[in-house]
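For reference, the structure discussed in these notes is given below.
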Amino acid sequence: MEQINIGLVGFGTVGQALYEVVSSARNAHAAVKRICVRSLDKPRKVQVPAELLTTDAADIVNDPDISLVVEVIDDPEAAYRITCDALRAGKDVVSGNKAMIARHLPELIELQQTTGRALLYDASSCGSIPVIRNLEEYYDNDLLLEVKGILNGSSNYILSRVFDHGEEYADALVRAQKLGFAESDPTHDISGNDSLNKLVIITLHAIGVYVPPKDIFVYGIPTLRAEDIRYAREKGMKIKLVAQVVKLSDAKFTMFVMPEFVAPNRYIYAVDDEYNGVVIRGECYDRQFMFGKGAGGRPTASSLLSDITALRHNYRYEYKKSGFSPRPEYTADVTLKIYARYEHTDLRAGLPWIAVNEEYRCDDYRYAIGEIRLSDLIEAAPLLRADDIFLCNFPRFFADRDD
């Protein structure tokens, strides 16, 4: 069987793990021929022959012996340029860069069609869980109603340490950073933006519609406090950072990322540490659950290797649901039930509540629980950035089917 020669762009945690996985996989029939790095002299845990290294991605893109480019760098715009150059040069591409893909999906789909090359990116969403390929192949019809889950292993690890081990939030964050589950700057993970990018990608394959990240409500866990944790524990629940896309009807769907109160009878309640969990709901098959590691070099590398071997069999995404007619339209005109804790910023007066069902006030903080439109939360995004505020969603979609 002919060997796949890989040009690897990026040699951080994931890139080094991929190099080791490809080198040890007996039936991959693949080898890393060239590696593009920022610095030739940087110390690395994985040692490679010096002649494999280059600082110029063009050395990989223009190499006629390289048929596949695997891109695993942090910079979304640089990743986009390299991906486009590789596709135009007649090479297939495998990527794990969810920010790049979420921002540029329509252009990347068009470029695949015009060049005849394939871009695979299962590793961009949920680490080791093959959610994209399953949505493409197994759930390739319009019976799907919802995809919901924990899509970020770093934030989930932090919340697990808080709820399962009684750690302070700040201590849990430091632990996640030391173990490599969270970056030195963890903003992208705990803000919910990483989950948002993954949700954009998942939604295209689940519903067939691309929604730009800027149009979607996202709220993370940076302002989580002891009061919020205590409230959840008193109610017998955990708080998880949850992303979801929900088909409301044949004509409409909605999507958002928010912390959520999760009861013990829900599948994602037991998804702990750096793991991801995805619930897929359909009209005929109720709920199906996928679980796996969502953070770490080797789990991501295993997903990249799966895409590499799929390309050997000429696999490509067909984006079947994008051709369905009619397709549902995205809407934020839905009502949510939320918990809103605040201190100085008066959310009780500052938000256009439909109804407030419960209020609590003390010297240190206040909270309100009530109904509000998702579209109004999007409009109020500047107000909600205050560091004395925390929001958490009470799940309502399909709740009657989960008992």
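The values are calculated or read from the model by the stated rules, or taken from the named source; none is laboratory data. All values reported here derive from a predicted model rather than from experimental measurement. Please note: Cβ atoms are built from the backbone with ideal geometry, for glycine as well, and neighbour counts cover all protein chains shown.
Of all residues in the stretch 48-69, those that are over 17 Å from ILE82 (Cα atoms) have Cβ atoms under 6 Å from Cβ atoms of residues that are among the β-branched types (Val, Ile, Thr), 6 or more apart or on another chain, in LEU52/ILE35. Filtered by the rule that a residue be touching a Pro at 6+ places or on another chain (Cβ under 9 Å) and in a strand (DSSP E or B), the stretch 340-388 gives ILE372, ARG373.
The residue list ASP364, ASP400, ASP286 contains one member that is at pLDDT below 90, closer than 24 Å to ILE221 by Cα and surrounded by fewer than 17 Cβ atoms within 10 Å (Cβ to Cβ), which is ASP364. Taking the condition of a type outside the set (A, V, I, L, M, F, W, C), out of contact with any Leu (no Cβ under 7 Å at 6 or more places or on another chain) and touching a residue at least 60 places away in the same chain (Cβ under 8 Å), does ARG401 pass? For ARG401, the condition - of a type outside the set (A, V, I, L, M, F, W, C), out of contact with any Leu (no Cβ under 7 Å at 6 or more places or on another chain) and touching a residue at least 60 places away in the same chain (Cβ under 8 Å) - is met. A Cβ distance below 8 Å, combined with a sequence gap of six or more or placement on separate chains, defines the contacts here; from the stretch 26-37, residues that are more than 21 Å from ALA58 (Cβ to Cβ) and surrounded by 20 or more Cβ atoms within 10 Å (Cβ to Cβ) reach no residue that is of a type in the set (Phe, Trp, Tyr) and modelled with pLDDT of 95 or more. Scanning the stretch 59-115 for residues that are among the hydroxyl-bearing types (Ser, Thr, Tyr), outside any helix (DSSP H, G or I) and in contact with a Ser or Thr (Cβ under 8 Å, 6 or more places away or on another chain) gives a single hit, SER95. On the stretch given as the stretch 183-212, residues that are farther than 17 Å from ASP272 by Cα and not in a loop (DSSP other than H, G, I, E, B) total 16. Mind checking whether some residue in the stretch 14-22 is within 20 Å of LYS98 (Cα to Cα) and acidic (Asp, Glu)? For the stretch 14-22, residues within 20 Å of LYS98 (Cα to Cα) and acidic (Asp, Glu): absent. Scanning the stretch 153-182 for residues that are of a type in the set (D, E, K, R), over 20 Å from GLY277 (Cβ atoms) and out of contact with any helix residue (DSSP H, G or I) (no Cβ under 7 Å at 6 or more places or on another chain) yields GLU168, ASP171, LYS178. Checked against the criterion of being part of a strand (DSSP E or B), assigned by TED's automatic domain parsing to the domain that holds LEU199, free of Cβ contacts under 8 Å to residues at least 12 places away in the same chain and not charged (D, E, K, R), the stretch 242-254 contains not a single residue that satisfies it. Just so you know, in the stretch 323-342 the residues that are among the small types (Gly, Ala, Ser) and buried (at least 17 other Cβ atoms within 10 Å of the Cβ) include one that is farthest from ARG117 (Cα to Cα), and it is ALA340.
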